[in-house]
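Report on one structure; see the data block that follows.
Each value in this text was obtained by applying a stated rule to the coordinates, not by laboratory testing. These figures come from a predicted structure and were not determined experimentally. Using ideal geometry, Cβ is built from the backbone for each residue, glycine included, and neighbour counts are taken over all protein chains shown.
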Amino acid sequence: MEKIRIGVVGLGHRGREMAKLSGVFGCVEVAAMCDIRPHNFYETQWLSDKPMAEYFPEATFYESYDEMLDKAGLDAVIVETGADIHADFCIKALERNINVLTDIPVVASLKEAENLWKAAQKSTAMISVGSNPNYRKFTYLLKEFHEKGLLGKAYCMEAEYIHWSMPGGAHSIHLNENGNWRKLLIPIRYCTHSLGPLLTVVDEDLRYCSCFGTGPQAPESTKDDMMCAQFKTESGVVIRLMRNGRCRARIGCHGYRVFGTEGYMERVEHFGKTLIRYNSMKELDTNLKEIDGTDMPPEYENDPVAKTSGHGGMDYAMLDKFFKALINGTPAPISLREGLAMTIPGIYAEESAKRNGEVIRMVYPWDDDWSTEIK
């Protein structure tokens, strides 16, 4: 494959930005776009200096996803619909043997997980999961240090994703312009940004979970203001995660702490400043050492386009890896199994919170005792 014809479904802020970024790759032709709201084709949107139809005058715009898949002659589709409706779009593409890059969370229910897993097994197409935090500099360094043995075995980890989310304001209106998933999605369900990087140094699935929520703490709140979950593997590796539905403090967004048998690594973030620190018993000096805290993936630090792309270069890295895998015929950069492993725990955690923190054993579509019923 020398030239990749792609389509993008879901032209909210994220979909528009991913389409525009895809267009900078010489190996890519942005051939089609789909949204149920035609104004997303022809009107200028917030943070966009011109309509999508002007960015891509040769592209065909569709209101019907099925029609786009059947008529546009696509090699791949990028799924950027709301975070609660990814699976069906992925399944329809896979059934037509069209490659998929899907944003996260990958599925919204265990039944969707089963259906998507089966569709992927039957399809000749590739599905890759667009977890851009897995391309964060911290994640690269975490994997590198783990592979070198500098941290030993990661046995206890913490993560938090605290997104400034007071109602109102241009940013809030902008992010919710095409739907209410950010307003309605249960906080702990959006656990992928936190679990994804940490699971790169864990060689087994998370198996048990317990979760508590604070409930809504203001009249305008529609869900838990905060949720705290703990996950554990069969061997005893523990991950603790805090997610917010509503936050009154302008702090954020992503924090990670990794405790290993031979060392420690953390990423601390406050608006305007990010710090990565580590120590290792393998080194003579075991004091915490600081590393440049930018998000830019190390292998793209000298790429001028990557430097100006979204999420500190992570979006560019994610697309570059996906397109190269298609051209070279190599496996998905982030497999569906990896994507489900970072998504499904959130589904179980929500149920645990409903049961007042009851410990629940988690299963996955590749398990012998897989079931779409939470027991």
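What whole-number distance in Å separates the alpha-carbon centres of the stretch 57-128 and the stretch 332-366?
Comparing the Cα centres of the stretch 57-128 and the stretch 332-366, I get a distance of 21 Å.
Charges at C-beta only: +1 for Lys and Arg, -1 for Asp and Glu. How large is the resulting dipole of the chain about its Cα centre, in Debye rounded to 20?
Using Cβ point charges on Lys, Arg, Asp and Glu, the chain gives about 680 debye.
Counting just the Cα atoms, what span does the stretch 4-131 cover along each of its three principal axes? Round to the nearest Å and put the largest first.
40, 26, 25
Cα to Cα, under 25 Å, and not fewer than 8 places away if on the same chain: which lysines meet these conditions relative to residue 375?
111, 118, 223, 232, 354
Taking the Cβ of residue 317 as the center, what net charge do the other residues with Cβ under 12 Å away carry, scoring Lys and Arg +1 and Asp and Glu -1?
-1
With the crude spin-label approximation of a point 7 Å out along Cα→Cβ, what separation in nm comes out for residue 270 versus residue 36?
Taking the simple label geometry, residue 270 and residue 36 are separated by 4.3 nm.
Pull out the extension gain between residue 111 and residue 27, defined as 0.36 nm times the separation in residues minus the alpha carbon to alpha carbon distance; nm, one decimal.
Residue separation times 0.36 nm, minus the Cα-Cα distance, leaves 26.7 nm.
For the pair residue 248 and residue 155, what calculated FRET efficiency results from E = 1/(1 + (r/R0)^6), where r is the Cβ-Cβ distance and R0 = 35 Å, to the nearest 0.05?
Taking R0 as 35 Å, the efficiency between residue 155 and residue 248 is 0.55.
Please pull out the direction-averaged projected area of the stretch 281-363, using the convex hull of its alpha-carbon atoms, in nm² to one decimal place.
10.2 nm²
Give the aspartates and glutamates whose C-alpha is closer than 14 Å to that of residue 20, dropping any in the same chain fewer than 8 places away, or say none.
Straight-distance partners of residue 20: 29, 49, 54, 58, 80, 315, 320.
Which lysines, on any chain, are close to residue 273 with Cα under 19 Å apart, when same-chain ones fewer than 8 places away are left out?
Straight-distance partners of residue 273: 137, 289, 307.
Determine the shape class of the chain: with a ≥ b ≥ c the square roots of the Cα gyration tensor eigenvalues, call it rounded for a/c under 1.5, and otherwise prolate if a/b is greater than b/c, oblate otherwise.
Rounded shape, in that the Cα axes give a/c under 1.5.
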